[in-house]
Amino acid sequence: MTDTTPRPTLRAPLTRAFSAQLGLRGDVDLPAALRSLLATPTDALPVVPASAWQPGEPDPATLAAMSARAHAERGTAWPQPLASDAARYHGDGDRLAWETPAFARQERLTRVAVAATADPAMLGDVVDGIILLCEQSSWCWPAHDDSLQRHGSVLATVTDPYLDLGAGEVVGQLAWVDQLLGDQLDARYPGVRARIRHEARVRVFEPFTRRRDWHWLGLDGDAHNWNPWIHGNVLVAALRLLDDPSEADERARILALVIEGLDRYVDVLPEDGAIDEGYAYWWNGACRLLEALDLLTHATGGRLDAVPSIRALRETVAFPHRMHLGAGWFVNAADGQAKPSADQPWHSLHRAAVRAGDLDAQRFAASHRRPETPAVVEAEGLGRVLRGMTDAAWLQARASAPPAPAATWLPSTQMLVARERDSSSSGLSVAVKGGHNNEHHNHNDVGSFLVASDGVPVIVDAGRPSYDARTFSERRYELWPMQSEWHNVPFVAGRGQPTGPEYAASVIEVTTGETPSLELELAGAYDVAELESWRREVRLDRERAEVSIHDAWRFAQPGPAAAPAPAATPTAAPAAGPGCANRQA
């Protein structure tokens, strides 16, 4: 499909870095360069087949835990996503009815694949899981499919598959199964691997190369977390599953498209490494990018390694610990949760931090390592599970005190995070953001702040509800958590903040020293003609152990009532009156 829409100029930081590493000049024939660099399909992924594992090489705790769960559910029915539940998205808007069993099916396949590395009797269960996925009408999550718009169908159109996060996750999982157990599948179940390759071609490789209008490519300059998440899975699949000698050119072309796509995400990743979707989305955005680049480094024998040479990549490795408040609580923005699951792929952060030379990020990742417990969980996906349970550096890592920066200023998102005590989550912490109201997973929250005591939020951002059909539609701002009225921002002349990139803050002054503070001009975040200025200053006084929020406003003429919004707390929302306000927490 040809798209003639004008596109922003791509700076191509990845391609430029790779060209420099390879000594290439001028126009680069990337597919040709890749073909000569890439390892063979059997060696391209950084986990050897299970038949080559040495005793004790994979993490024993992970192997034991997943094997126990896999054996316990043998003989039970596999989770079955239903067509009627897929159609519900276009009816009552429910996403979970279909997604819950679909995700559970893939998690079960991960468990049985790991279990089969130690017990060949589990290989039949692996085949059952593979074929169930191959016979599933669509790998695309119903909430993402464009079948209704293109074909008038509330169910997936199997002749026109949509390549989304779900399809990427399935093809990536099948590629990792093939890498892990392919020789055993050939010996006992010949033909299964050919089926995997057929489905990968029809559902992923052909749509990926045929349709170049995917919104997640970032052709309009707006690359979000789908970009590295999907490209990373296409990368895994192409490296492993395009293994016929006749497919060598195709393999190199697809990998060149992957690099071009990842380049668009790197191109918009700010130099300070911040993620406007917040910490919770870092794991499926910037982290997916770092994982994909790590795979490219391995598949090219170390010849292509962008992380050390690109500042944004090095800085984003620090983003998780910069957003940490304490005890599993994080600064949450947009749709991010304040206390997401602790079961994250910490090994991925650890690996990236080692490559970036960031000792604080290594410490933060290692602070989550518990040698007596599994190194990974199956919800991470098979690829992440295999990387984590076979990464010697991660398995040998030992927990240490996590870093706690005294103050962090991220100019790209206009966010300040400051602590009462350097290197400690005890005492008060404050976070305040400016930004604009067209951020990814946006809430209308320009000027919002939160306060934590001993790492636990006490003045909070409410977060988001469970996703449904309204969440990413024109009805998004019907949902109360997305409205500015439910954030800690001013309510001006009876109005909250509108949506759009033009509704933004400007930074007046920021200080990260002994008394960290951020002063913002918020008038631009409102559609109130009479409002000339609304300045908000958030300050942490370490000596007095006090956070103060000072609002001062000016109208062109007297009239409309205005007030700071009540502060959202876990239990109450105290009222505030008009005038200049100085609140302390």
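Readers should treat all values here as calculations from the given coordinates under stated rules, not as data from a laboratory. What you are looking at is a predicted structure, and each value in this text was computed from that prediction instead of being measured. Backbone-built Cβ (ideal geometry, glycine too); neighbour counts: all protein chains shown.
If you average the sequence gap of Cα pairs under 8 Å that are 6 or more apart and divide by the length of the chain, what percent do you get for the contact order?
12 percent
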Practice task
Quick one: dipole size for the stretch 407-584, taken about the Cα centre, charges +1 on Lys/Arg Cβ and -1 on Asp/Glu Cβ, in debye to the nearest 20.
Solution key: 260 debye
Exercise for the section: Please state the charge dipole magnitude for the stretch 367-458, taken about the Cα centre, from unit charges on C-beta atoms (+1 on K and R, -1 on D and E), reported in debye and rounded to the nearest 20. Expected result: 200 debye
Handout entry: Cβ-based exposure ranking for Arg251, Arg554, Arg542, in which fewest neighbours within 10 Å come first
Key = Arg554, Arg542, Arg251
Fill in the blank from the handout: When the charge dipole of the chain is computed with +1 on Lys and Arg Cβ and -1 on Asp and Glu Cβ about the Cα centre, the Cα farthest towards its positive end, among Gly500, Leu217, Trp480, belongs to Leu217
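Based on other C-beta atoms within 10 Å, arrange Asp360, Asp263 from fewest to most.
Asp360, Asp263
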Practice task
First measure r as the distance between the Cβ atoms of Ala379 and Ala552, then evaluate 1/(1 + (r/R0)^6) with R0 = 45 Å and state the FRET efficiency to the nearest 0.05.
Solution key: 0.45
Exercise for the section: Note down the magnitude of the dipole of the stretch 1-122 about its Cα centre, charges +1 on Lys and Arg C-beta and -1 on Asp and Glu C-beta and zero elsewhere, to the nearest 20 debye. Expected result: 260 debye
Completion exercise
Here FRET efficiency (C-beta to C-beta, Glu478 to Ser137, R₀ 25 Å, nearest 0.05) is 0.20
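Would you compute, from DSSP H runs of 4+ residues alone, the mean residue ellipticity of the chain at 222 nm, taking -39500 (n - 2.57) per run and dividing by the full residue count, rounded to the nearest 500?
For the chain, the value works out to -11000 deg cm²/dmol.
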Fill in the blank from the handout: Quick shape check on the stretch 94-185: root eigenvalues a ≥ b ≥ c of the Cα gyration tensor, a/c under 1.5 is rounded, otherwise prolate if a/b tops b/c, else oblate, and it reads prolate
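Please arrange Leu38, Leu313 by how many other C-beta atoms lie within 10 Å of their C-beta, fewest to most.
Ordered by Cβ neighbours within 10 Å, fewest first: Leu38, Leu313.
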Problem - In Hz, Karplus ³J(HN,Hα) per residue of the stretch 480-487 (6.51, -1.76, 1.60; θ = phi - 60°; x = Gly, Pro) - result: 4, x, 8, 7, 5, 4, 9, 10
Completion exercise
Under the rule rounded for a/c under 1.5, else prolate if a/b exceeds b/c, else oblate, using alpha carbon gyration tensor axes a ≥ b ≥ c, the stretch 407-584 is classed as oblate
Fill in the blank from the handout: With a ≥ b ≥ c from the Cα gyration tensor eigenvalues, square-rooted, and the rule rounded for a/c under 1.5, otherwise prolate when a/b > b/c and oblate otherwise, the stretch 381-445 is oblate
Handout entry: Under the span-like rule (Cα at least 30 Å along the axis, Kyte-Doolittle mean at least -1.0), DSSP H helices of the chain
Key = 165-188, 248-268
Problem - Theoretical FRET efficiency, 1/(1+(r/R0)^6), r = Cβ-Cβ of Asp27 and Asp222, R0 35 Å, to 0.05 - result: 0.85
Handout entry: Extreme residue, positive dipole direction of the chain, given options Gln179, Gln557, Gly447 (C-beta unit charges)
Key = Gln179
